[in-house]
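Every number in this text was worked out from the coordinates using simple rules, so none of it is lab data. Because the structure is a prediction, the values reported are computed rather than measured. All Cβ positions, even for glycine, are placed from backbone atoms using ideal geometry, and neighbour counts span all protein chains on display.
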Amino acid sequence: MNNLVFEFFNKNNVFAVIGVSQNPKKFGHIVYEALKKKGFQVVPLNPSANQICSDKCFNTIDDLPDNVSHAIILTKASETDNVLRNLASKGIFNVWIQQMSETKDSPLIADELKINAIFGKCVFMFAEPVLGIHAFHRALLRIFGKIPKK
């Protein structure tokens, strides 16, 4: 792992959160709301929602504002590879694929499309400030050399 995971969550970036849920108990909603509370500039994307957390929700990648530079994919794995292709078409090449959202082909597709992709990592382990159990887990991984120092 390189420092790309730490550089990804820069508060100057504008993030599309793809797969955000309208249901406050679903992981996609929890991630969106947590990033927003942490001060990140987030834009929700859900094909069947008009609003998420009182924010305008975009229904397709093509509809995203031009200032979106990064994407966080929280979709079902079966949707991820198509999302990667659509992001590349839109010119968004910095992508976090939440663990368990990728397919076996996702890394190959990302490479082919020249997408800077992060796989197999949890958003909550790297979006500062890292709190609670995620901070403890990250500290353990750092002790055992699984996470580089910043």
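Looking at the stretch 128-147 only, could you name the residues that are outside any helix (DSSP H, G or I) and either within 20 Å of the chain's Cα centre (by Cα) or aliphatic (A, V, I, L, M) (or both)? Residues satisfying the conditions are GLU128, PRO129, VAL130, LEU131, ILE147. Selection over the stretch 10-45 of residues that are surrounded by 16 or more Cβ atoms within 10 Å (Cβ to Cβ), assigned to a loop (DSSP other than H, G, I, E, B) and either touching a helix residue (DSSP H, G or I) at 6+ places or on another chain (Cβ under 8 Å) or β-branched (Val, Ile, Thr) (or both) gives a count of 4.
Taking the numbered list (1) more than 20 Å from ASN13 (Cα to Cα); (2) assigned to a helix (DSSP H, G or I); (3) within 15 Å of the chain's Cα centre (by Cα) in turn, PHE124 passes all entries but (1).
Among the conditions (1) assigned to a loop (DSSP other than H, G, I, E, B); (2) crowded, with 17+ Cβ neighbours inside 10 Å; (3) hydroxyl-bearing (Ser, Thr, Tyr), SER48 misses just one, which is (2). The criterion of being in contact (Cβ under 8 Å) with a residue 12 or more places away in the chain and in a strand (DSSP E or B) does not hold for VAL68.
Report yes if PHE6 is surrounded by 20 or more Cβ atoms within 10 Å (Cβ to Cβ), within 27 Å of LYS114 (Cβ to Cβ) and either touching a residue at least 24 places away in the same chain (Cβ under 8 Å) or of a type in the set (A, V, I, L, M) (or both), otherwise no. No: the conditions fail for PHE6.
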